[in-house]
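One structure below.
The values are calculated or read from the model by the stated rules, or taken from the named source; none is laboratory data. What you see is a predicted model; the values in this text were computed from it and never measured. Please note: Cβ atoms are built from the backbone with ideal geometry, for glycine as well, and neighbour counts cover all protein chains shown. Accessible surface is based on the protein model in full, side chains and every heavy atom, while ligands, DNA and RNA are left aside. Shrake-Rupley method; radii C 1.70, N 1.55, O 1.52, S 1.80 Å.
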Amino acid sequence: MFSNKIVAITGAAGGIGLGIAKMFANNGARVALSDLKAPEAQAKELGGKAYVCDVSSEASVTSFIEAAEADLGPIDIYISNAGVGFGDGPNGEVAGGSNKSWETSWQVNVMGSVYAVRDLVPKWIERGGGRFVITASAAGLLNQIGSASYSATKHAAVGLAEAIAIAHRADNIFAHCICPQYVRSNMTKGQKFAEESKDGLLEPSDVAAALKNAIANDEFLVLSHPVVGEYFKGKASDYNRYIHGMAKLKSKIAAEDLPLQNQE
Ligand SMILES: NC(=O)c1ccc[n+]([C@@H]2O[C@H](COP(=O)([O-])OP(=O)(O)OC[C@H]3O[C@@H](n4cnc5c(N)ncnc54)[C@H](O)[C@@H]3O)[C@@H](O)[C@H]2O)c1
């Protein structure tokens, strides 16, 4: 399905990013995998190339794009997948995480995509099209109990993906926004709330399959957990009911079981 397409992926050393890289490689694409440390072994296994890219640095993002295009050819699909999450205050105070954790979340979860879009969109307009995928989260449509910085920046990531899709459809540039609930990765490792989620802990390959499907059907939202679509509709139709329901859910979670407890 993606025969000879050039696909660049950030945060691709493991988890969802690597799952997506595998899906594209298995479907004929040539993949450029990047992370804070070059994922050499993973890229080799997929017949792709590995790069260092710190998405919080514009220079690092543009060097990644430049190097991947020099090695493999013009990028057709860019997967902005790198992401971070930090907890609220030590006693669960909302917005109680450090300024550093908020700033890192903004840089990685939002600006990392902005830098790539800024570089690629003019090129794609000239080349006749492209596809930009952002791994946001269900937290970008709903909320992440225990992390206001994750919720706020993932909402921003959804807004950015929408903006690309709206602004550049006429340029044949498509955008997709991946909004999973819990998925097995380093981010959820050892987190009881994620591992025992009533909506299920998916595998990265499930998210990758949902992305493949969304591209085939030209669907903006990639809902690997279809129930997220139902919750999102519920939120839109009765916001107060949603807030009350989430507050009730929060009150049932023991403080030590809250997800994303790490601090920066
Ligand atoms: N696992 C889940 O339950 C879940 C659910 C919804 C959304 N997500 C999102 O999926 C994406 C992938 O996360 P994952 O679950 O596979 O976890 P993960 O920790 O395995 O992957 C995140 C990757 O991002 C990389 N990264 C962190 N900071 C970076 C930076 N500054 N520059 C470049 N790379 C950086 C990490 O090194 C890591 O390899 C993230 O955006 C995350 O927010 C995860």
Fill in: Candidate set from segment 83-104 (those that are more than 18 Å from VAL133 (Cα to Cα) and within 10 Å of the ligand (Cβ to nearest atom)); member that is most open to solvent (accessible area, probe 1.4 Å)
THR104
Worksheet item: List the pairs whose first member sits in segment 194-205 and is at negative phi and within 9 Å of the ligand (Cβ to nearest atom), whose second member is assigned to a helix (DSSP H, G or I) and open to solvent by 70 Å² or more (accessible area, probe 1.4 Å), and whose Cβ atoms are under 6 Å apart, counting only residues at least 6 apart or on separate chains?
Response: LEU201/GLU195
Worksheet item: Quick one: which strands (runs of 3 or more DSSP E) sit completely within segment 1-65 and have at least 1 residues that are closer than 17 Å to ILE178 by Cβ and of a type in the set (Gly, Ala, Ser)?
Response: 6-9
Item to complete: Output yes when any residue across segment 233-241 is among the acidic types (Asp, Glu) and either in a helix (DSSP H, G or I) or at pLDDT below 95 (or both), and no when none is.
Response: no
Item to complete: Please go through segment 1-47 and pick out each residue that is away from the ligand (no atom under 15 Å from the Cβ) and in contact with a Pro (Cβ under 7 Å, 6 or more places away or on another chain).
Response: ILE6
Worksheet entry | Restricting segment 110-128 to residues that are of a type in the set (D, E, K, R) and under 22 Å from the mean Cα position of the chain (by Cα), the residue that is most open to solvent (accessible area, probe 1.4 Å) | ARG118
Worksheet, complete the sentence: Expected single match for among the small types (Gly, Ala, Ser), open to solvent by less than 20 Å² (accessible area, probe 1.4 Å) and either under 19 Å from the mean Cα position of the chain (by Cα) or at pLDDT 95 or above (or both) among SER63, SER80, SER57 is SER80
